[in-house]
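Taking it in order: structure first as structure tokens, then the write-up.
The values are calculated or read from the model by the stated rules, or taken from the named source; none is laboratory data. Since the model is a prediction, treat every value here as computed from it, not as a measurement. So basically every Cβ, Gly included, is an ideal-geometry build from the backbone, and we count neighbours across all protein chains shown. Accessible surface areas use protein heavy atoms only, side chains included; no ligands, DNA or RNA. Shrake-Rupley method; radii C 1.70, N 1.55, O 1.52, S 1.80 Å.
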Amino acid sequence: MADDFSFEIVKKIGTVSEGKGGWNVELNLVSWGGRPAKYDIRSWSPDNQKMGKGITFTKEELESLKNLLNSTTLE
């Protein structure tokens, strides 16, 4: 089953934070297993071949998160 795993970073949107050893938390548009691309926040190795845990959003989910963040006062 691991052989069937594939991904493609369709568009690099930006870096959320820079980590040790060149690993960065990034917001990208990623296609998983050949499916339509979704917005994805996770840590990536410098060559984008290895990844850490992350979260994936549809466009609608990301818009909802954006609205929540815009209406929230951060402490």
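List the lysines whose alpha-carbon lies under 16 Å from that of Lys59, not counting same-chain residues fewer than 8 positions away?
List returned: Lys11, Lys12, Lys38.
Where nothing but the Cβ of Lys and Arg (+1) and of Asp and Glu (-1) is charged, how large is the charge dipole of the chain around its Cα centre, in debye to the nearest 20?
80 debye
Report, in deg cm²/dmol and to the nearest 500, the calculated mean residue ellipticity at 222 nm for the chain, where each DSSP H run with n ≥ 4 adds -39500 (n - 2.57) and the sum is divided by the residue count.
-5000 deg cm²/dmol
Output the peptides 27-34, 10-17, 42-49, 64-71 sorted from most to least packed, where packing is the average of other Cβ atoms within 10 Å over each peptide's residues.
27-34, 42-49, 10-17, 64-71
Between Ser45 and Leu68, take the C-beta separation as r, use R0 = 35 Å, and let me know the FRET efficiency to the nearest 0.05.
With R0 = 35 Å, the Cβ-Cβ based efficiency is 0.70.
For a paramagnetic label modelled at 7 Å from the Cα of Val10 toward its Cβ, which residues of the range 45-74 fall within the zone defined by backbone nitrogen distances under 13 Å?
Hits in the range 45-74 for Val10 at 13 Å: 57-60.
Tell me, what is the per residue accessible area of the chain in Å², probe radius 1.4 Å?
Accessible area per residue: 78 Å².
Could you work out how far helix 59-70 tilts from the main Cα principal axis of the chain, as a 0 to 90 degree angle to the nearest 10?
Taking the Cα atoms of the chain, the angle to 59-70 is about 40 degrees.
For Cα Rg over 2.2 N^0.38 Å, which listed value, [x] 1.21; [y] 1.04; [z] 1.51, comes from the coordinates shown?
[x]
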